[in-house]
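Just so it is clear, none of the values below were taken in a lab; they were calculated from the coordinates. The structure displayed is predicted, hence computed values, not measured ones. Counting neighbours? That spans all protein chains shown, and the Cβs are built from the backbone with ideal geometry, glycine included.
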Amino acid sequence: MSVWDALVGQESVVATLRAAVNAATVAPRSASSTDDGAGQASAVPDPTSPGPGTVSPSGAPSPSGAPSQPGASVRPGGRQRSGMTHSWLFTGPPGVGREDAARAFAASLTCERLPPGCGECSGCHTVLTDTATDLRTVTPEGLSLGVKDIRALVRDAASAPTAGRWRILLLTDADRLTEAAANALLKALEEPAERAVFLLCAPSVEDVLPTIRSRCRTVALRLPTATDVRAMLIREGVDERTADIAARASQGHLGLARRLAGDEIARAHRDAVLRIPTRLGRVGACLAAAADLVDAANADAEAANTERDVGETEALKTALGVGATAVGGKSRSAKAPKAGAKSRTMVVRGAAGALKELERNQKSRGRRTVLDTLDRALVDLAGLYRDVLAEQLGAPVDPIHPDYAVEASSLAATATPEQTLRRLEVVLATRTALADNPGLVPLLAVESLALALRDA
C-alpha cells in the first residue's frame, strides 16, 4: 500500500509531491555518480542544488531550457528550483488530510525503495508512525502554539539527519502560532539548514503570516467529494447505505466520515444536534437544548482527555520524583533507622511549577476539544438548514443529510426562505464568534444561538 493512498480525492496534490520527491531523489544520485577526483572529493550531495528546470529570480529560463514554475524556491546564491524546496505549506479545510499529505510527503523523502513512497519499508513505516529519528512533529496541545516549542523545533532543524538525507520538521497547526513563535519560525525559514525541510499545515494561506507563507511552496488540498469519501469507506468495509450517509454528512471531513460510519456514539451526537430545530418552542426549551449540546461537548472532551491527563500527570510526577521518600537504599556505613521512624517526603525544587504548567496545558487542550466538538455540531446544523433552503427553493442539489429528509421537508413547510436564510446566517455567525474569541463562554454563545433560531 503506497503512502499516497491516504490522500482521498487529491490527485493533483499527489502528482505535485511525487514530482518534488523525484527531484529530491535524482539530484543526490546524480551528484554521487561523479567519477573524477574532484567529484569524489565532494561526494556528499547537496539536496538543495538546482536540478533540471532551474530559473533565475527574474524568471529567465535555465540552461536546460525548462520554464519557470510557480512556487519554486530561491537559494541564497540567486538560483531557484521548481522541484524540491526547503519549506512547504499544506492548506485545506479541516478534515481533508493536510497532515496526512505532509506525512506522506515526509515518508516518501525517507523511503528506501524506488519509486519513493512504498509505505512498507522502514523509512516509510517510522515516519507514518511518528517514530522516525529524523522527523520532529509539533502539535499544539491547547489554543495556541508558543515560542518555547518553536525554538526547540528550530534547534532541532539545525541538526544533521542521522538516518536519511533530510531533517523533517512537521508543524501540524501553523495557524495557531503566537506572534513570538511566528517570528522565531521566520528566522529559520529565512536561513534554513542545508538538510532541513519544514512542512507547515494550516486551513488557508491567510491564516499564516505573509512573511512566512511567502517563503513556502503552497500545496492546496481540495475538499473531497461525497463520491470520493463514499468510495474510501466502502474500501474500508463499510456497507453502502451507511457509507453514503456518512460521506454526505461529513461534508468532506475524512475523520468524521470514519467516525459516523463506525461509532454509534458519534451518530447519536449527530442525531441530537439535528433534532435541535424541533425543540425550539418556549424559551426554557431553547435553553435546555443549548445546555444539552454544551454538556455533550464537555462529555466528549472529558472522555478524550481524562485518561491522557492522568497518565501525563503521573509520568511527570515520577520523572520529578514527587512523592518519593527519604527512606530507601542506604550505604553500608549508614546507621539503621530507629524503630517506628517516619519516612520524609522529598521536596523537589521546581516540581510545583512544572505540575501547574502541565495543568494549564491540559485545561487549554480540554477547551480546544470542547470548541472543536461545538464547531462540528454547528457545521451539521448549518447543513440541515442548507437542506431546508434547497427544499424551499427547489434547488437541484444533493442533500447533506439525506436521512433527515422528512425533518427538512417539515421545517421547509413551516418557514419562509428568508427565515431559513437568517437561521443559517446565525449558525455561521456563532461558529465564527467561537473561533475568533476563544475566551467566549460556549454555553452563553449556544444559548444565544438557540434563542435567535427561535425568533428568526
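Using DSSP to define loop residues, name the GluC sites (Glu not before Pro) in region 228-321 whose beta-carbon has at most 16 other beta-carbon atoms within 10 Å. The qualifying sites are GLU236.
Applying the criteria of a DSSP loop state and at most 16 other Cβ atoms within 10 Å to the trypsin sites (Lys or Arg not before Pro) of region 245-316 yields ARG275, ARG282. Here's the picture: a label point sits 7 Å out from the Cα of ASP130 along the beta-carbon direction, and within region 3-22 nothing has its amide nitrogen under 16 Å of it.
Stretched out straight at 0.36 nm per residue, the stretch from ALA163 to ASP403 would grow longer than its current Cα-Cα span by 81.3 nm. Ordering PHE198, PHE90 from the fewest to the most neighbouring beta carbons within 10 Å gives PHE198, PHE90. Taking label positions 7 Å along the Cα-Cβ direction at both ILE265 and LYS148, the computed distance is 3.0 nm, reported to one decimal. Applying a DSSP loop filter and a limit of 16 other Cβ atoms within 10 Å to the trypsin sites (Lys or Arg not before Pro) in region 100-161 leaves ARG113.
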